[in-house]
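Data block below; observations after.
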Amino acid sequence: MHNNKSIMNDKYLQTLTLHSEDDTQALAKQLAALPLTGSVWLAGDLGAGKTTLTRYWLQALGHKGAVKSPTYTLVEPYHIQQDDGSIKPVYHADLYRLQDPEELSFIGFDEYLDEPNALVIIEWASRADSYLPPPTLFIDMTQANNSADKEARRIEITLSKVGQMQDLDLSHLKI
């Protein structure tokens, strides 16, 4: 995305380094506190921590119970009871095994994206970027080049134009 190596922290872009699962969980709690709707595209190599972040994110949103990887089902739906009694629809999609973006229309993926107040967290969205509408948020996860800390992950969180129009603010995200 950006080749700027300096750490940028502003309303539309945050670059963070996670050093542990506790850091990942802390970030997930902060993401869950954002009033996000629409889709979030999670990018990163295999093993970068996308599913782990999503599991903590779902738990931070209030999901109780297991979080299954949607690698084979493409989408796992969650309907999470909120403190005010409402239900937050959250869909976790993993498009790694997607052969053709048209497959998404066969499983009714558009309905998830069109559902009011829904959050659709998509791993490997790049496999269908021609089909999908623009996301609200991009999260790019890479293993940090730190030989002393093999667990370190560099996280770049960017608001899209859609997210900027929703007046979301990333400046409070901290690890």
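Here, each number is a calculation from the coordinates, and none is a lab measurement. The shown structure was predicted, so the numbers you read here are calculated from the model rather than taken from an experiment. In this analysis, Cβ positions are derived from the backbone assuming ideal geometry, glycine residues included, and neighbour counts consider all displayed protein chains.
Points worth noting:
- Spin-label model distance (nm) - Gln81 vs Asp167, 7 Å beyond Cα toward Cβ: 3.2
- Oblate is the label for the stretch 1-104. Its Cα gyration tensor axes, ordered a ≥ b ≥ c, give a/c of at least 1.5 and b/c at or above a/b.
- Spin-label model distance (nm) - Lys174 vs Ala66, 7 Å beyond Cα toward Cβ: 3.8
- For the peptides 162-169, 62-69, residues were scored by their other Cβ atoms within 10 Å and the scores averaged per peptide; the highest-first order is 162-169, 62-69.
- Rounded, prolate or oblate (a/c below 1.5 giving rounded, otherwise prolate when a/b exceeds b/c) for the chain by Cα gyration tensor: rounded
- Bridge type composition, the stretch 61-133 - antiparallel percent by DSSP, nearest 5: 60
- Count Lys and Arg as plus one, Asp and Glu as minus one, and take only other residues whose Cβ is under 15 Å from that of Ala43; the net charge is then -2.
- For the chain, calculated [θ]222 nm from helices alone, where every DSSP H run of n ≥ 4 adds -39500 (n - 2.57): -6000 deg cm²/dmol
- In terms of its C-alpha gyration tensor, the stretch 78-148 has an oblate overall shape, because the principal axis ratio a/c (a ≥ b ≥ c, square roots of the eigenvalues) is not below 1.5 and a/b does not outweigh b/c.
- Taking Cα atoms only, the orientation of helix 21-33 departs from the longest principal axis of the chain by about 50 degrees.
- Peptides 109-116, 50-57, 132-139 ranked from most to least packed by the mean count of surrounding Cβ atoms within 10 Å: 50-57, 132-139, 109-116.
- Against the main long axis of the alpha-carbon atoms of the chain, helix 50-61 sits at an angle near 70°.
- Percent antiparallel among DSSP beta bridges (both partners in the chain, rounded to 5): 60
- Neighbours of Ser20, meaning other residues whose beta-carbon lies under 10 angstrom from its beta-carbon, give a summed charge of -4 when Lys and Arg score +1 and Asp and Glu score -1.
- Spin-label model distance (nm) - Glu111 vs Ala148, 7 Å beyond Cα toward Cβ: 5.3
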